[in-house]
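Below is one structure, written out as structure tokens, with a few remarks after it.
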Amino acid sequence: MRKGARITRFDGAVLADALFLIGQAWVRGEDGDADGAAADLAAAMKLIPPDTVEAIHHFIEAGTLPEPSSGPGGMDAWLETCRQAGAGELKVTRILFPSAAEVAEEDRAAFFARLDEIRAEAERLAASGETGPWRPDVPERPPPWEVDTLTGLARPGSLSGELRKMGLM
């Protein structure tokens with residue numbers, strides 16, 4: 001069974017809390033409080049997945065979300081973003097596609113499951129005596145160039161050699 005994309009929608013209150021913590025970490029990082037910023041980011045990563053926190057950081061850097069700042073009025077736009085998330089006006093949907101390794105592992109597991117089914121069926125048939133001894137479907141024949149009945153152009157060989165024999169080259 002092939003896995004599809006996993007879609008996660010975040011609750012507005014959870015997203016608002018996470019955004020507030022991310023903004024607070026951003027400001028603490030600007031002010032040089034690395035330990036406080038790390039603690040706030042760790043708390044945000046308990047609320048939403050770490051890759052989503054990283055994506056929000058990229059949105060801030062790209063200018064899609066307002067940049068929190070410790071200056072006068074620097075948090076106003078960010079707090080408005082937090083309010084919008086809490087009110088459900090700002091939503092984040094996380095879509096996670098399975099990796100190539102996950103898909104390959106799924107395929108491998110399906111192959112081995114089918115192989116086990118085939119083996120069990122063959123063992124059941126052999127135990128019940130429903131199958132005879134194994135024989136190849138096609139009888140073994142020598143390759144055409146080892147058969148002595150072929151002569152002339154019917155015998156495989158070099159085309160240029162045959163044309164020389166006929167005097168055409």
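The values are calculated or read from the model by the stated rules, or taken from the named source; none is laboratory data. Quick caveat, the model's predicted, so the values are computed rather than measured. Just so you know, the surface numbers come from the protein's heavy atoms only, side chains and all, with ligands and any DNA or RNA stripped out. Shrake-Rupley method; radii C 1.70, N 1.55, O 1.52, S 1.80 Å.
Miscellaneous remarks
- Across the protein chains, with a 1.4 Å probe defining accessible surface, the residues ARG94, ARG6, ARG164 rank ARG164, ARG6, ARG94 from largest area downward.
- Karplus-derived 3J(HN,Hα), 6.51/-1.76/1.60, for each residue of the stretch 62-79, Hz, glycine and proline x: 7, x, 5, 10, x, 8, x, 8, 8, x, x, x, x, 9, 4, 5, 5, 5
- q = 0.16, 0.17, 0.18, 0.27 Å⁻¹, the stretch 10-57: log10 I(q)/I(0) [Debye, one scatterer per Cα]: -0.36, -0.41, -0.46, -0.94
- Accessible area in square angstrom per residue, the stretch 18-93, 1.4 angstrom probe: 54
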